[in-house]
Amino acid sequence: MKSMRTFLRQVGLLAGKDLKVFARDRGALLFAFVFPFVFVVMFSMVMVWNSEPEHMVVYVATEEEDGGLSRHIIDAMVSGSGEGLDIRETDPDKARASLVKEEIGGYLLFPREFSDDVISGEQGAIVVYFDPDAATTRAALMSIAQTVIAELEAYRITYEAVAELAATSAPTGTGGPAGVPGTAAVSIVYEEVGKIDPPRPVDFLVPSYLTMFVFFSLAMTAETLVAEKEDFTLERLVSGTATRSSLVAGKLTSSFVRGLIQAAVFWVAGLLIFNVRMGHYAWTVVLVSVLLALAASGVGVFLATVAKTRRSAGAMAVLISLSFAAFGGSWWPLFIMPVWLQNLARITPHAWANSAFNKLMLFGASPASVVPEITALAVFAVAFFGLAVWRFKVN
Amino acid sequence: MPETDFVLVQDLRKAFNGHMAVDGVSFNIEKGEIFGLLGPNGAGKTTTIRMMATTLPITGGDVIIGGHSVHRNPAEVRHLIGVCPQELALYLELSALDNLVFFGRMEGLSKAEALEAAMRNLELVGLADRAKHRVAKFSGGMKRRVNLAIALMNKPELLFLDEPTVGVDPQSRNHIFDTIEGLRDQGTTILYTTHYMEEADRLCRRIAVMDAGRVIALDTPRNLKSRLGDPDKVTLEDIFLDLTGRRLRDAG
Ligand SMILES: Nc1ncnc2c1ncn2[C@@H]1O[C@H](COP(=O)(O)OP(=O)(O)O)[C@@H](O)[C@H]1O
Ligand SMILES: [Mg+2]
């Protein structure tokens, strides 16, 4: 009991000392708090969404009887689908069942009244069913639906113009052909999570740069821990009453607090300056940020037990931070990478954090769908902290 | 053994990759005395201190401090000792006061106690007026004084001073000497290492001369020197030559 109190007290003192040192280090402050925003501003200006997948299978189904408008559209789509995009027809019940079983990411459905609505001038609808986790599929379905609508619209306008011409030059009495819509338009209806706004670059950039920079600065904690070895302050501490675990926990704590401050600055600036949308569950986004900071701190103190000198610790931290950022979805979205690479990326905390942020912020996912990400980040934190305490040597 | 012996070093040994850096060192330090470890670079002085201060595992032998073995009871030993290491062990980005308060609190002092002790110790080393200045801006000698002041934060009964005057200007050196003598007068037991004979001569009641991991002589400075004639002119070099028949390999 008493030793627990001593431990916590020492952890607090060690962390407080680190934060004081950090607060006096202009370079580190600049790197942690200013640098990231320069990046976000630059990239939000130049970044365009260009996320064509390599090859994709998309399913469409119709509830209409044969001879409906959708029949022609689907036939045209299926015969027109080629290398990159493979459009296949299926029947509505099968499609629904496959989606529920997560065999497919989503499908387009032409409802029973589609032709009637379009022809009679009612507001028609194409329904996009999708799994919130299947981001690419959703994006593809959305753009296909939009294409269909655009084509129908063009067809309608042409048809009207021709009809107009015919009406003025032809003998009276013919009129327009029955069923040609006057004001018909087709909209897209999203099912599963309702309507959400299309993703914007900042909603990707802010969280993915948060991941990159928070991890980067916290990985550099390795350098400060090794520096204390080289500067003999660690030896001084252990010749007193500090223990190995309190030394490592103190470092982890100060690193974690820095990460929290950095993440808070990201979100506040993101909301105020970039008008970022955190999705329907902002607290889950916050939780993911907290766990990321913890996991990155764990990696940071672990690196310190591997590196021999502060230079090598710094170099390792830089190398790992940059490669993990690229590979873990901080520079471009994970969901546009090939699946095998997405799977491999799971060895990085970045991939888990970014995947959670993307799901929550771009695709309106619920907390339940990011449980794996949250768990993985917690495991990273605990595992690396444990390894660090185990391996940590003062001499 | 006399009951005034506060420190017993018994056949202490340390091997680094098979090389004996400390090879069977034994000596006693009486309560309240300044005991000198004199020897050239590489003699094993620092290694001896680090084992005595519990930061380096011992290969053989033992050290008993205030009745506690560094080997079996390191936690008890740590409460009794203060270490002023050969290298500066400070946070350069922090002020002198912040350094002292931090290390003091790590030793269990409350904030108020640590502040009070820090100011007292900075006063002692002549840096009270620079308490709030960043250590990074200090001269080498001032940093050494901070290094010493930190070691005093837990009011140690036994103080290790490992070459505390290396690279120090005369003013700082005098401050350090005054501080050490003041501590001795208050009853602190001190182990002082140096490779300067004149320092050992001024401060130490007894000296162990070390070479290649062994103690090759142990006596008062006067007795060591009087074998060689004029006590005012004798240097470590002379004593070393006399004892070993060799010159210092590294008089650096
Ligand atoms: N951590 C270490 N690893 C290997 N050798 C060491 C280590 N520390 C000291 N030594 C060696 O032990 C010997 C004694 O060193 P040291 O105790 O520092 O001498 P002194 O303090 O008297 O100058 C030297 O040969 C030194 O190179
Ligand atoms: Mg030495």
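The values are calculated or read from the model by the stated rules, or taken from the named source; none is laboratory data. In this text, all values refer to a predicted model and were calculated from it rather than measured experimentally. Every residue, glycine among them, receives a Cβ derived from its backbone with ideal geometry; neighbour counts consider all protein chains shown. Side chains are part of the model used for accessible areas, which takes the heavy atoms of the whole protein and leaves out ligands, DNA and RNA. Shrake-Rupley method; radii C 1.70, N 1.55, O 1.52, S 1.80 Å.
Summary table below
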quantity: Leading residue by the ranking (nearest to ligand 1 (Cβ to nearest atom)) among those in the stretch B:64-94 that are over 16 Å from residue A:237 (Cβ atoms) and surrounded by 22 or more Cβ atoms within 10 Å (Cβ to Cβ); calculated: B:70
quantity: Any hit, the stretch B:34-47, residues being more than 16 Å from ligand 2 (Cβ to nearest atom), open to solvent by 10 Å² or more (accessible area, probe 1.4 Å), more than 9 Å from chain A (Cβ to nearest Cβ) and more than 14 Å from residue A:239 (Cβ to Cβ); calculated: no
quantity: Whichever residue in the stretch A:270-279 is over 14 Å from the mean Cα position of the chain (by Cα) and outside any helix (DSSP H, G or I) and, among such residues, is farthest from residue A:356 (Cα to Cα); calculated: A:273
quantity: Lone unmet requirement of (1) surrounded by 14 or more Cβ atoms within 10 Å (Cβ to Cβ); (2) modelled with pLDDT of 90 or more for residue B:240; calculated: (2)
quantity: Conditions (1) touching a residue at least 12 places away in the same chain (Cβ under 8 Å); (2) away from ligand 2 (no atom under 14 Å from the Cβ): number failed by residue B:56; calculated: (2)
quantity: Candidate set: the stretch B:125-136, residues that are farther than 20 Å from residue B:166 by Cβ and part of a helix (DSSP H, G or I); chosen: the one nearest to the other protein chains (Cβ to nearest Cβ); calculated: B:130
quantity: Every residue from the stretch B:48-58 that is of a type in the set (Ser, Thr, Tyr) and at pLDDT 95 or above; calculated: B:48
quantity: Top-ranked residue of the stretch B:19-33 - restricted to ones that are small (Gly, Ala, Ser) and open to solvent by 20 Å² or more (accessible area, probe 1.4 Å), ranked as farthest from ligand 1 (Cβ to nearest atom); calculated: B:32
quantity: Hits in the stretch B:167-185 (condition: more than 26 Å from residue B:30 (Cα to Cα) and either open to solvent by 30 Å² or more (accessible area, probe 1.4 Å) or part of a helix (DSSP H, G or I) (or both)); calculated: B:167, B:169, B:170, B:171, B:172
quantity: Enumeration of residues in the stretch B:152-166 that are more than 13 Å from ligand 2 (Cβ to nearest atom) and in a loop (DSSP other than H, G, I, E, B); calculated: B:152, B:153, B:154, B:155, B:156, B:157
quantity: Criterion (touching a residue at least 12 places away in the same chain (Cβ under 8 Å) and farther than 20 Å from residue B:199 by Cα) met by exactly one of B:115, B:161, B:124, B:148; calculated: B:115
quantity: Residue among A:241, A:224 that is modelled with pLDDT under 95, over 25 Å from residue A:132 (Cβ atoms), in contact with a Ser or Thr (Cβ under 9 Å, 6 or more places away or on another chain) and not in a helix (DSSP H, G or I); calculated: A:241
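Residue-by-condition table, conditions (1) within 23 Å of residue B:10 (Cβ to Cβ); (2) within 16 Å of ligand 2 (Cβ to nearest atom); (3) at pLDDT 95 or above:
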{"site": "B:189", "(1), (2), (3)": "yes, no, yes"}
{"site": "B:195", "(1), (2), (3)": "no, yes, no"}
{"site": "B:199", "(1), (2), (3)": "no, yes, no"}
{"site": "B:211", "(1), (2), (3)": "yes, yes, no"}
{"site": "B:219", "(1), (2), (3)": "yes, no, no"}
